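Here's the structure, in structure tokens; my notes come after.
Just so it is clear, none of the values below were taken in a lab; they were calculated from the coordinates. Everything quoted here is computed from the prediction, not taken from an experiment. All Cβ positions, even for glycine, are placed from backbone atoms using ideal geometry, and neighbour counts span all protein chains on display.
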Amino acid sequence: MALRELLDFGGSWPQVEHLCAHDYPPSDSPAVQMNLARAAGREQRRELRARALERAASDPALHWQVVSEHACDAAATNDAQRARHLADEVLAHSTDPFASARALEALGRVELWSGDNAGRSRGIRLMEDAIRSYRALGSNEWAGFALTWLGYAGYYMSGDHDRAEALMREGLALLRSPHRQVTVLTFLADVLCERGDWAAVDAALDRASELCPDDFVLGWDYIAWGRAKEASARGDQVGTVRWLKEAAATADPWIDTVGGTGFLAEGAQLLSRVGDVAGALQWLDKALSRPLGLVDPFHAQCEILAVHGDPIAALHALDRLPYEDGPWEPRLEWHLTMLRALALLRAGRYAEVPRVAAAALEQGARVAGAALRRDGAAEPLVLLAPLAAAAGSEVAARLLSPDRFLVQLFGTPTLRIGDDDVAVPAGKPGELFRLVAVHPSGVPSEQVIDQLWPAATPTAGPKHLRNALHRLHAAIGSSLVRRDRSRLLVGSAWVDVNAFRALARSAAGGAGARPADARIHAALSLWTGVPLPDDVYHDWAIPIRGQLKEDRVRLRRLAHDSVRGSWPQGSTPTDGQTAQSIRSRARSRMGDEWVRPPTDR
């Protein structure tokens, strides 16, 4: 096999070693040692590079190639200072085009994780320069994988899912190595999962399963992890537990790396989101026990506290995380803002929630609509949406009602249609509107007539209803209250009284994966005044108002009785631990400890 073919070879390290040793004896070819190093696992790679470096004294190009690989290793392990120093040395002194391309990629990785928008912009430019260099060198494998890395770290992490997907698919088309194809498909599944495109997620992971070599243990772990993320996003607790167990049962040492700590932290979050609090705490304890100074476990801890634990402790933990200066990753920013709003809600600090909730919804809308899904991890945003809408969030209004029809019947009845506040008409048209609004499934026309015009004759009753509907439509438009055969209903409107009753039922039964007290406080926050105050003496409203008051008393008692303080000793991050800046965390699964590096030049 020719050396050029070896440079694009995608087999496992023992296979590459066998072929290189057969055609190019290592003792005689430092360049082949270098090629072996690029295909090897982390420890083997160091040994092989050391061997290549021993023989590189008379080969400056090979020397700088070794240095550039060390720079990429440093970038992958988030040793930014060393990566920059080595890469700058290569770019200042080397004339070897491949060494320069690898140095550009190392600098690009460092900048992408620098923690600010300027660094992200520099990182994207550097990665694009590296990709152009790889293409010019005819190195499709390196160009393809760099495209994927740019898509993931440069765009997916900042919420641009369309651009991330396009780059990953472009990179995938260049790759021949099944190992790298599997890796890219699982990263692509992350993007598709956050968009809620379940069919595409399944297609990507199914294709990865078809391509994955039997001995590529890490690839099978990636696939299991992708399945776990999809199951969690879909609210499937059984599937989440199953796939996480499969990924964690590996004999591969990756779980002991920096990336493995991030995996444990994310596993805790995935379990928390499907209500497996005990499992989430077990995974969190494992992540926090690692000596590696990552912020990821503390993010997971904040989520579990905010959703399931003591909300006051969650707020303290969030205050101690170094994200207030604004990380460039909008996905992280909106997630932490959402957790803060949820913790404030569960702490009963309703007056403080609207502004924070509105910020969370607006941030979420900027990460390709991740905040607008009603499943999986997005449920807290649905609970927070009414308060965010009250603060003027258009995103929240659309989440509550696609047509932005918002009806408030607690306190002074109000109606908001789009950006306009519309006065509810007085008299029978207004009463008709409120009567229909509090019945989510609609009201039979005959029942409406009986309630509003009990003394009307069979001929006069329908006429009264038609007149009231005409006046109502003249005041608020015809698209809100409409006829559906023999029933009247309020189209796609969100009605605070109905939302209160639904949350009260859900909280009472502890339905779903979310803790009941989040629903309790979401319901109580909707009570902004006496319900149906304009219908105090109307017979149809009396039982509804009575039931609402009973629900409120019960919910307040449940909120008072909620257990808040039990939290494992030592699970709150120390000042020393949180001093680790977000700028130095290793959040990416793209590190070289996790992914077999391409072998071409």
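Structural remarks
- Between GLN81 and THR95, the modelled label-to-label distance comes to 3.4 nm, taking each label 7 Å out from Cα in the direction of the beta carbon.
- Residue order, fewest to most beta carbons within 10 Å, for ILE544, ILE312, ILE131: ILE312, ILE544, ILE131
- Loop-located trypsin sites (Lys or Arg not before Pro) in the stretch 339-448 whose Cβ has at most 13 other Cβ within 10 Å (DSSP): ARG374
- Pair VAL530, SER479: separation of 7 Å Cα→Cβ label points (nm): 3.5 nm
- Eligible lysines near LYS428 by straight Cα distance, threshold 30 Å, same-chain separation 8 or greater: LYS463, LYS549
- Added length on full extension, which subtracts the Cα-Cα distance from 0.36 nm per residue, GLN547 to LEU137: 140.2 nm
- Value in Å of the Kirkwood radius, where the stretch 82-123 supplies the Cα pairs that are averaged: 10.3 Å
- Reference-scaled alpha-carbon Rg (2.2 N^0.38 Å with N residues) for the stretch 178-318: 1.05
- Residues of the stretch 400-425 falling in the label zone of ARG471, defined by backbone nitrogen less than 11 Å from a point 7 Å along Cα to beta-carbon, are 425.
- Residues of type lysines that LYS286 reaches as a straight line, Cα spacing below 18 Å, ignoring anything fewer than 8 places off in the same chain: LYS245
- Per the Cα gyration tensor, the stretch 401-566 maps to an equivalent ellipsoid with semi-axes of 32, 17, 14 Å, ordered largest to smallest.
- Available extension along the chain between ARG242 and LYS463 is 73.4 nm, counting 0.36 nm per residue and deducting the alpha carbon span.
- Ordering SER445, SER133 by the number of other Cβ atoms within 10 Å of each residue's own Cβ, fewest first, gives SER445, SER133.
- Check: the stretch 401-566 dipole with +1 on Lys, Arg Cβ and -1 on Asp, Glu Cβ, in debye: 300 debye
- Computed extension gain for ASP285 through ILE312, at 0.36 nm per residue and net of the alpha carbon distance, reaches 7.7 nm.
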